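Here the structure is laid out as structure tokens; the discussion comes afterwards.
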Amino acid sequence: MPVESQISSRANPRFKALRAQLAPGGPGRGCTLFLGEKLILAWLEAGARARDRFRPTTWLRLDGAAPHPLERRLAAETLVLGEALMRDLAEAGSPPQHALLAAVGPDPAGPLADRVIVPWGIQDPGNLGAILRSAAAFGFQEALLGPACADPVSPKALRGSMGAAFLMPLRRGGAPLLDGGRWLALDSGPGATPLAQADLREPLRILVGNEGHGWKGVDLPPQVRRVAIPTCGVESLNAAVAAGIACFETARRAERRPGP
């Protein structure tokens, strides 16, 4: 039987330890939190890769909530938290009834996949999660995080991706080392090639710039080509929307391309 303990005070040493485990971000993050039953089930259903990357350590249950069937199945320690404590950990106004603390394994190594999304300077965890969700929905196989990105495995980003972060390998932090693939940066500025005319054949790496200033002040390597999504009446698109359009167009062309 899993061990169950109840915590009602922020001064409790076990609660303080939980906060400390979740504090580090970026490549230094060793633990994360799956917030809510839906996200926990998405992790479980994502398959062996997700279970190898994220290993459950502690089940967190809101005081007053009924035990979840997965508590026994995962055989993890259960902590029952008061509403204020669960809200603190979830950083949300309405705390989930269930959450799962998981250890985060190392980033993947080796060559990049054929289709890679490269968020660069995306600072909002919700935006980052939405970009990952769009990429996964349209067949992108990996995410490579550029400089100054939000942590893709933070609780907020995982919740924003609605489980999409479990469907593809994630490499976190630092300037990507360019390989021989096609590196395309989404950019609405002058001189960019319209998306309809861009070469989207694999191996493909699509870069998405910062939500506010795009590529301003960023010295992209000369191998990176700038690609624009034409718009009518607005200067630019939200980063997650632009990523979704580019990923869809990539998938659409791949379906129409004749096989070998």
- Message: If you average 1/r across every pair of different Cα atoms in the stretch 23-62 and take the reciprocal, what Kirkwood value do you get, in Å?
- Response: 11.3
- Message: Cut-off 10 angstrom, C-alpha nodes, Gaussian network model of the chain. Which of G191, G233, G93 fluctuates the most?
- Response: G233
- Task: Between I206, I40, I122, find the one with the highest GNM mean-square fluctuation for the chain; connect C-alpha pairs within less than 10 Å.
- Result: I40
- Note on the structure: Taking a straight Cα-to-Cα line shorter than 24 Å from K16, and setting aside same-chain lysines fewer than 8 residues away, one finds K156
- Taking only protein heavy atoms into account and a 1.4 Å probe, give the accessible area per residue of the stretch 45-120 in Å². 45
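As a test, work out the antiparallel percent of DSSP beta bridges whose residues both lie in the chain, rounded to the nearest 5. Could you put the intermediate results ahead of the total?
Working: 13 of 40 bridges.
The answer is about 30 percent antiparallel.
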- Along the positive direction of the dipole of the stretch 74-155 (beta-carbon charges: Lys, Arg +1; Asp, Glu -1; about the Cα centre), which of H98, L145, L112 reaches farthest? L112
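Efficiency by 1/(1 + (r/R0)^6): what FRET value for A196 and A109, r their Cβ-Cβ distance, R0 = 25 Å, to the nearest 0.05?
Details: r = 36 Å, r/R0 = 1.42.
E between A196 and A109, to the nearest 0.05, is 0.10.
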- Task: Enumerate the calculated ³J(HN,Hα) couplings along the stretch 126-137 in order (Karplus 6.51 cos²θ - 1.76 cosθ + 1.60, θ = phi - 60°), each rounded to whole Hz, writing x wherever the residue is Gly or Pro.
- Result: x, 4, 4, x, 5, 5, 5, 5, 4, 4, 5, 5
- Message: Per residue of the stretch 213-219, what does 6.51 cos²θ - 1.76 cosθ + 1.60 with θ = phi - 60° give for ³J(HN,Hα)? Whole Hz please, x for Gly and Pro, Karplus curve as stated.
- Response: 10, x, 9, 4, x, 9, 8
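Translational diffusion coefficient of the stretch 1-140 at 25 °C, 0.890 mPa s, Stokes-Einstein with Kirkwood Rh over Cα pairs, in µm²/s as a whole number. List each step's numbers first, then the result.
On the way: Rh = 16.5 Å.
Estimated diffusion coefficient is 149 µm²/s.
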- Task: Mind pulling the per residue volume of the convex hull built on the Cα atoms of the stretch 116-260? Å³ is fine.
- Result: 113
- Among beta bridges assigned by DSSP with both residues in the stretch 167-228, the antiparallel ones amount in percent, to the nearest 5, to 10
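Quick check: residue separation of N238 and S5 times 0.36 nm, minus the Cα distance between them. What number comes out in nm? Intermediate results must be reported in sequence, preceding the final value.
Values: separation 233, 0.36 × 233 = 83.88 nm, distance 4.42 nm.
Once the chain is fully extended between N238 and S5, it gains 79.5 nm.
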- Counting only protein heavy atoms and using a 1.4 Å probe, what share of the accessible area of the stretch 76-144 belongs to carbon plus sulfur, as a whole percent? 49
- Angle, helix 13-22 long axis vs. longest principal axis of the chain, Cα atoms, 0 to 90°, nearest 10? 10
- To the nearest 20 debye, the stretch 199-259 has a Cα-centred charge dipole, built from +1 on Lys and Arg Cβ and -1 on Asp and Glu Cβ, of 260
- Note on the structure: Whole-Å distance linking the alpha carbon centroid of the stretch 1-73 with that of the stretch 211-260 is 36
- Query: In deg cm²/dmol and to the nearest 500, what is the mean residue ellipticity at 222 nm of the chain if only DSSP H runs of at least 4 residues count, each as -39500 (n - 2.57), divided by the residue total?
  - Reply: -8500 deg cm²/dmol
- Task: Taking only Cα atoms and a 10 Å spring cutoff, compute GNM fluctuations for the chain and point out the largest among G28, G129, G209.
- Result: G28
- Task: Collect residues whose amide H, placed 1.01 Å from N in the peptide plane, falls under 5 Å from the amide H of E4; neighbours closer than 5 in sequence don't count.
- Result: T78
- Query: For the chain, with only Lys/Arg (+1) and Asp/Glu (-1) charged at the beta-carbon, what is the dipole magnitude about the Cα centre, in debye rounded to 20?
  - Reply: 300
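The values are calculated or read from the model by the stated rules, or taken from the named source; none is laboratory data. Quick caveat, the model's predicted, so the values are computed rather than measured. FYI the Cβ positions are ideal-geometry reconstructions off the backbone, even for glycines, and counts take in every protein chain you see. The area values use the complete protein model at the heavy-atom level, side chains included, leaving out ligands, DNA and RNA. Shrake-Rupley method; radii C 1.70, N 1.55, O 1.52, S 1.80 Å.
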